[in-house]
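The values are calculated or read from the model by the stated rules, or taken from the named source; none is laboratory data. Here the structure is a predicted model, which is why all the values come from computation and not from measurement. A quick note on method: Cβ atoms are made from the backbone with ideal geometry, for glycine too, and the neighbour counts reach across all protein chains shown.
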Protein chains: 2
Amino acid sequence: MQNFDFYSPTYFAFGKDTENRAGELVKRFGGSKVLIHYGGGSVVRSGLLDRVKTSLEKEGIPFVELGGVQPNPRSGLVYEGIDLCRKENVDFILAVGGGSTIDSSKAIAAGTIYDGDFWDFYQGKRIEKALPVGTILTIAAAGSEGSADSVITKEDGMFKRGASGDAIRPKFSILNPALTQTLPPFQTAAGITDIMAHLYERYLTNSEEVEVTDRLLEALLLTMIHEGPRVIADPNNYEARANIMWAGMMGHNNSCGVGRSQDWLSHMIEHELSALYDCAHGAGLAVTMPAVFTYEMKHNVMRFAQAAVRIWGCQMDFAHPEVTAKAGIEAFRNYLISIGMPKNFEELGAKEEDIPKLVQVLLYGDGGSGKISGFVTLDEDSCTEIYKMMV
Amino acid sequence: MQNFDFYSPTYFAFGKDTENRAGELVKRFGGSKVLIHYGGGSVVRSGLLDRVKTSLEKEGIPFVELGGVQPNPRSGLVYEGIDLCRKENVDFILAVGGGSTIDSSKAIAAGTIYDGDFWDFYQGKRIEKALPVGTILTIAAAGSEGSADSVITKEDGMFKRGASGDAIRPKFSILNPALTQTLPPFQTAAGITDIMAHLYERYLTNSEEVEVTDRLLEALLLTMIHEGPRVIADPNNYEARANIMWAGMMGHNNSCGVGRSQDWLSHMIEHELSALYDCAHGAGLAVTMPAVFTYEMKHNVMRFAQAAVRIWGCQMDFAHPEVTAKAGIEAFRNYLISIGMPKNFEELGAKEEDIPKLVQVLLYGDGGSGKISGFVTLDEDSCTEIYKMMV
């Protein structure tokens, strides 16, 4: 196991009606003027936004609002949020929504008290200071409610890039599984896929002797395998939603990924798809992961065999471990199809003729070196091969 | 799943040589005058205490010392620590040792800034304020390095009782698995048993639909099953020590136990053993758990069958689930014996004739009601039956 630091100081309030505690928690964590940041109309129509405002008003906390966050959140709205926060002397950002809204909130929180361009953080500068952020989560997916990360797409060039820093970990996150019950099945399934991707990206490691984190990641994947089909069959299944929601947080706050190298090649390869086609990140991952894993399998057959046996319940073929390894990837692909995810470029809305462009942006866009590394290292040929497997 | 709040703001520095970061971390968390609290001579002889002092001196942080913490730490030394902290204007407690030292440090931290008797907290008063505590852990066992709990024994009556509060969660914990390599095998095994008890006490729940926490607890138990024999066979196995150390923290910071009722009857029943005989807590638990589980089995055969299949790899006997349930308990008992733990009263140094006294103190001592509750509710007869099973 590698040396590591781990710090997850987010306060989680989990369960039914917990959104009514927003005011209490903003106060506890020192907020006196709030920006409520959100996406489309669903949080308005469902009455959630009103409940949150009532909760703030009860504590006497003034607020301003900024809606309009899109999936794959854009830098334009971040700049707008930064201007608004400075003008209104906001000292606390409250994200009401999913990963996109939370990531946009984190960017605003860091950018408001930074002298330069906030995009610096998305080009590698570590975030050391930020306004405090709280979240009210409406979809189990990105894990941003417990993470130190944020992903933003820059309109100019459509570069999708990430930033990190303990300063943008939410001070609190309100997790009410009932808020996710109104999600359409496709979005629910895309969220499940994103959570499973966060687990697989950590599972695919070149570190040895990492039994405890292997087992924890397997536990969370087994939970998703059990709960995914239940929630697709019955969107109102609160208990299945609750198990998925906690698994999504635990899967991405990194308590189960410490002390080991991680992969993240599937995320990198997918980011170009959602940047170009504006598809759901989870849907892009559903098409990407089986292709990436099939390519990566030869690098460490035994790791994929372990995943197949421990996660997917495959029988170990001791004479031909690669058969088992492949069966595990196939089981994952079938699972993703069964919950309604796309299986190829066509279903995703991607085009084979774009592959050279995808590879170019992935490897050379925004200052890239021509190679990307994770569980394996990929160059132009191997990236092309992987995208072609998805067709 | 039940509603819950979860908050674990401890900063973990994990790995080789991390004790040299003590000064940096005390400074980061605001300490300007430190009490170094420790137990016996081993932290002195090993040179650990000197390394810690050097690290504080490098940061220019003055300190005073208080050694002498015993296993099953006593209230007398807590009072002494409180007096010392007040006299010396200490504003940070640094625990260098195992669970006993950390628990004693937490008690001093809460008591120093409390007007009344610190024992109030161990009779049910919630701890709301305390001096900040940091820890340098020397044994993986109690999980106190990441928990909001402390257990102290009051000399007058030998009552062993617990206190809780987010205020006593350590600000940081330094976890260097190499520091545990010099532990004698018996202490290592007792620590392993304690960790497994924390997992089982959470696993035995009356809550339904708790797949995610079930799976996480199983993952940590599977880790202990894998790593325990390796570290007993080779005490210098750093990697096995590392996996056990992180499992011990994750098993008790409650991230894997949220949203579900828990048991803790084995701990209650064992506490009277270690209070009366001053035996190692883990050794007491090794004798206690198989007896308690055997009694509890009839309350929910399927839960014990699930444990047997998922944790111990037993085959499910679908016609006779109780056979599988029992096989799981037997597998656990055999595991504990295999790592060198005692299997009955005699090996533990306990006496059958003391059973009436044990039951009296357990059920009526320190204001008890005559019943204790967890996974099941126990009275005089059932407690007597359980203690007798241990003979």
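Could you tell me how many of the residues in region B:365-379 are modelled with pLDDT of 95 or more and more than 14 Å from residue B:295 (Cβ to Cβ)? Reasoning before the result, please.
Quick first cut of region B:365-379, residues modelled with pLDDT of 95 or more only: B:370-379.
Okay, now just the ones that are also more than 14 Å from residue B:295 (Cβ to Cβ), so B:370-371.
The total comes to 2.
Which residues, taken from region B:23-45, are touching a residue at least 60 places away in the same chain (Cβ under 8 Å), within 14 Å of chain A (Cβ to nearest Cβ) and either within 20 Å of residue B:178 (Cβ to Cβ) or of a type in the set (Asp, Glu) (or both)? Give the steps one after another, and end with the answer.
Applying the first criterion (touching a residue at least 60 places away in the same chain (Cβ under 8 Å)) to region B:23-45 yields B:25-26, B:28-32, B:34-39, B:42-43.
So of that shortlist, the ones also within 14 Å of chain A (Cβ to nearest Cβ) come out as B:25, B:28-29.
Passing the criteria: only B:25.
Might you let me know whether region B:354-376 holds any residue that is within 30 Å of residue B:185 (Cα to Cα), polar (S, T, N, Q) and surrounded by fewer than 17 Cβ atoms within 10 Å (Cβ to Cβ)?
No, that holds for no residue.
Here is a check on your reading of the model: is residue B:199 in contact with a helix residue (DSSP H, G or I) (Cβ under 9 Å, 6 or more places away or on another chain), part of a helix (DSSP H, G or I) and at the interface with another protein chain (Cβ under 10 Å from one of its Cβ atoms)?
Details: in contact with a helix residue (DSSP H, G or I) (Cβ under 9 Å, 6 or more places away or on another chain): yes; part of a helix (DSSP H, G or I): yes; at the interface with another protein chain (Cβ under 10 Å from one of its Cβ atoms): no.
So residue B:199 does not fit the description; no.
How many residues are crowded, with 24+ Cβ neighbours inside 10 Å and among the acidic types (Asp, Glu) when one looks only at region A:182-210?
2
So which of A:94, A:48 is away from chain B (no Cβ under 14 Å), within 22 Å of the chain's Cα centre (by Cα) and touching a residue at least 12 places away in the same chain (Cβ under 8 Å)?
Details: A:48 fails: within 22 Å of the chain's Cα centre (by Cα).
After ruling out the rest, the residue left standing is A:94.
One residue is enough: does region B:226-235 have a residue meeting the conditions within 8 Å of chain A (Cβ to nearest Cβ), modelled with pLDDT of 95 or more and closer than 18 Å to residue B:308 by Cβ? Outline the logic, then answer.
If we filter region B:226-235 for residues that are within 8 Å of chain A (Cβ to nearest Cβ), which is where we start, we get B:226-227.
In the following step, the residues that additionally are modelled with pLDDT of 95 or more were identified as B:226-227.
The next check asks that each one be closer than 18 Å to residue B:308 by Cβ; those that pass are B:226.
Checking region B:226-235: at least one residue is within 8 Å of chain A (Cβ to nearest Cβ), modelled with pLDDT of 95 or more and closer than 18 Å to residue B:308 by Cβ.
Looking at the structure I just gave you, is residue A:12 out of contact with any His (no Cβ under 9 Å at 6 or more places or on another chain), at pLDDT 95 or above, surrounded by 17 or more Cβ atoms within 10 Å (Cβ to Cβ) and within 14 Å of another protein chain (Cβ to nearest Cβ)? Lay out the reasoning, then the answer.
Numbers: out of contact with any His (no Cβ under 9 Å at 6 or more places or on another chain): yes; at pLDDT 95 or above: yes; surrounded by 17 or more Cβ atoms within 10 Å (Cβ to Cβ): yes; within 14 Å of another protein chain (Cβ to nearest Cβ): yes.
So residue A:12 passes the test.
Just wondering, is there one or more residues in region A:122-129 that are over 20 Å from residue A:77 (Cα atoms), crowded, with 24+ Cβ neighbours inside 10 Å and outside the structural domain of residue A:228 (by TED's automatic domain parsing)?
No, there is no match, as no residue in region A:122-129 is over 20 Å from residue A:77 (Cα atoms), crowded, with 24+ Cβ neighbours inside 10 Å and outside the structural domain of residue A:228 (by TED's automatic domain parsing).
Would you check which residues across region A:1-40 are assigned by TED's automatic domain parsing to the domain that holds residue A:133 and part of a loop (DSSP other than H, G, I, E, B) and list them?
If the condition is that a residue be assigned by TED's automatic domain parsing to the domain that holds residue A:133 and part of a loop (DSSP other than H, G, I, E, B), then A:15, A:16, A:17, A:29, A:30, A:31, A:32, A:33, A:39, A:40 are the ones that fit.
If residue A:18 passes every condition in (1) in contact with a helix residue (DSSP H, G or I) (Cβ under 7 Å, 6 or more places away or on another chain); (2) within 14 Å of chain B (Cβ to nearest Cβ) but one, which one does it miss?
It fails just one condition, (1).
Restricting the first residue to region A:117-146 and requiring it to be assigned to a helix (DSSP H, G or I), which pairs with a second residue that is charged (D, E, K, R) meet a Cβ separation below 6 Å and a spacing of at least six or different chains?
A:122/A:161; A:144/A:103
Restricting to region A:164-179, and then to whatever is over 13 Å from residue A:8 (Cα atoms) and more than 16 Å from the chain's Cα centre (by Cα), can you tell me which residue is farthest from the other protein chains (Cβ to nearest Cβ)?
Step one: filter region A:164-179 for residues over 13 Å from residue A:8 (Cα atoms), giving A:164, A:174-179.
Retained after the next criterion (residues that are more than 16 Å from the chain's Cα centre (by Cα)): A:174, A:176-179.
Working: A:174: 10, A:176: 9, A:177: 8, A:178: 11, A:179: 14 Å.
For region A:164-179, the residue satisfying everything is A:179.
What number of residues within region A:162-195 are of a type in the set (Gly, Ala, Ser) and outside any strand (DSSP E or B)? Reasoning before the result, please.
Going through region A:162-195, the residues of a type in the set (Gly, Ala, Ser) turn out to be A:162-165, A:167, A:173, A:178, A:189-191.
Within this subset, residues satisfying the condition of being outside any strand (DSSP E or B) are A:165, A:167, A:178, A:189-191.
Summing the residues that are of a type in the set (Gly, Ala, Ser) and outside any strand (DSSP E or B) in region A:162-195 gives 6.
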